[in-house]
Amino acid sequence: MAEALTQSPIVTQGPYYPLADDIPLDKDNDLVQLSDNLNIAAGIVTYITGRVLDANGEPVKNALVECWHADHEGDYVYSTGTGRNAACDANFAGFGQFLTGSSGSFRFRTIKAGLYTGRTRHFHWGVTLPGRSTRSCTQTGWNEVAYANNGTQWTTQNANDNVFASLTAAQKASILLDFLPVEGTTTGEVHTNWDFVSGYTPVEPTYPGSGGFVATGEPVVGPNNTIRYKLTFPVYAGYCYEVYGNPTMADLEWAALPFSLTQTGAIDRHKQVVSAEGSLSIYVEAAALKGFYKVAFRVPGANTGTP
C-alpha cells in the first residue's frame with residue numbers, strides 16, 4: 001500500500017556528477033560497456049531494476065533516472081571541472097541515464113561500486129520528475145560488511161558512513177540493498193530491485209491546441225538602415241507559427257506577413273515550425289496598428305499550408 005512506503009531520502013549530489021560539457025555521448029543504462037568497445041569494465045556485473053513512484057505510490061512516466069558511481073578501484077570517471085578521470089577504468093562508463101515508461105520502471109547494468117577513503121560502498125542516483133527542473137538526489141548502499149579488493153575489512157561501513165549515518169532507521173532500510181546472484185551466472189553477476197519514492201506528485205506539462213495571441217513589435221535596424229519589427233514569444237516543439245498584422249485602418253482584415261528569422265536576413269517565409277521548446281524571435285517589415293501583431297500557432301500535424 002502507498003501508506004507504507006518510505007520516501008527515498010534526499011542526500012548530497014556529491015562532486016562527481018558530470019558537468020554539462022562532460023556528459024558523455026554514451027550515457028545509456030549500460031555502464032559496463034562503452035559503445036562498440038569489445039572490452040567490459042572490471043568488477044562484478046550488477047543489475048539494478050526498480051520503479052519511480054510518486055508521493056501517492058503511483059508509477060511515474062517520463063522520469064529521468066541517472067546513476068553514477070566509482071569504478072572497481074574506487075575512482076570516479078567524472079569530477080567537477082576535470083573532465084574524464086584518466087585514472088579511472090577506461091572501459092567503465094561511470095554515468096548512465098534511463099527514461100521511465102508508463103510503468104515507472106528503470107533498469108541499469110553496471111558493476112559493484114569500488115571503495116574509496118571516507119565512504120562505504122554506494123551508488124549515486126538523480127531522479128528528475130516531469131514538470132520539475134531540478135533532480136532529486138539519493139544514494140543506495142550494500143547491506144553487507146564492506147571489504148577492499150585485497151580482502152581486508154574496510155574502515156568505513158554503513159554504520160559509520162557520514163551520509164548513511166544521518167538517515168533514520170526506516171530510510172536506511174529503504175536504501176541498503178541485498179544483492180542476490182543472477183540465476184545461472186558463472187561469473188558472479190548479482191542483481192537487486194529498488195524503488196525510488198518521491199515526495200512529489202509530478203505535473204505533466206500541458207500544451208495548448210491551435211490558437212493565437214497578441215504580441216508587440218520592437219523597432220530594430222534592418223539591412224541598409226531600414227526599420228524592422230522584432231517579435232519574441234514562447235514556442236512549443238513541433239508547433240507551426242505565423243504572424244498577422246493590421247497595418248492600416250483602411251484594411252481591417254488580418255493580413256499574413258512574411259518574416260525573417262534574423263534581424264538583417266532575407267524576408268523569406270510566412271510560417272515557421274520549431275524543433276524545440278523555448279522562445280522564437282522573428283522580424284517583419286510591415287508596421288502594425290499601434291505596434292501589435294497577432295501570432296497564430298497550429299498543433300503538430302495540423303494543416304500548415306501557406307496562409
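The set of residues from region 87-137 being surrounded by 23 or more Cβ atoms within 10 Å (Cβ to Cβ), in a strand (DSSP E or B) and of a type in the set (S, T, N, Q) comprises just one member, Thr110. Comparison of Asn149, Asn158, Asn162, Asn193 shows that the only residue that is on the phi < 0 side of the Ramachandran plot and surrounded by 16 or more Cβ atoms within 10 Å (Cβ to Cβ) is Asn158.
Among the residues of this structure, Ile48 does not count as one that is in contact (Cβ under 8 Å) with a residue 40 or more places away in the chain, crowded, with 19+ Cβ neighbours inside 10 Å and over 30 Å from Pro202 (Cα atoms). May I ask you to verify whether Phe106 is closer than 17 Å to Val190 by Cβ, in contact (Cβ under 8 Å) with a residue 60 or more places away in the chain, in the same structural domain as Pro9 (by TED's automatic domain parsing) and of a type outside the set (S, T, N, Q)? Here the answer is no, as Phe106 does not meet what is asked. Within region 6-27, take every residue that is surrounded by 16 or more Cβ atoms within 10 Å (Cβ to Cβ) and modelled with pLDDT of 80 or more and give me the one that is farthest from Phe123 (Cα to Cα). Once the filter is applied, the top-ranked residue is Gln7. Would region 54-68 turn up any residue that is assigned to a loop (DSSP other than H, G, I, E, B), assigned by TED's automatic domain parsing to the domain that holds Pro9, touching a residue at least 40 places away in the same chain (Cβ under 8 Å) and surrounded by 21 or more Cβ atoms within 10 Å (Cβ to Cβ)? Yes, region 54-68 contains at least one residue that is assigned to a loop (DSSP other than H, G, I, E, B), assigned by TED's automatic domain parsing to the domain that holds Pro9, touching a residue at least 40 places away in the same chain (Cβ under 8 Å) and surrounded by 21 or more Cβ atoms within 10 Å (Cβ to Cβ). Among the residues of region 44-58, those identified as modelled with pLDDT of 95 or more and not aromatic (Phe, Trp, Tyr) are Ile44, Val45, Thr46, Ile48, Thr49, Gly50, Arg51, Val52, Leu53. Within region 156-170, none of the residues are charged (D, E, K, R) and not in a loop (DSSP other than H, G, I, E, B). The condition (being assigned by TED's automatic domain parsing to the domain that holds Asn62, without any contact (Cβ under 8 Å) to a residue 40 or more places away in the chain and part of a strand (DSSP E or B)) is satisfied by just one residue among Gly184, Gly141: Gly141. If we keep just the residues of region 255-307 that are outside the structural domain of Leu231 (by TED's automatic domain parsing) and among the polar types (S, T, N, Q), which is modelled with the lowest pLDDT? Out of the qualifying residues, it is Thr306.
The values are calculated or read from the model by the stated rules, or taken from the named source; none is laboratory data. Model, not experiment: these values are computed from the prediction. Please note: Cβ atoms are built from the backbone with ideal geometry, for glycine as well, and neighbour counts cover all protein chains shown.
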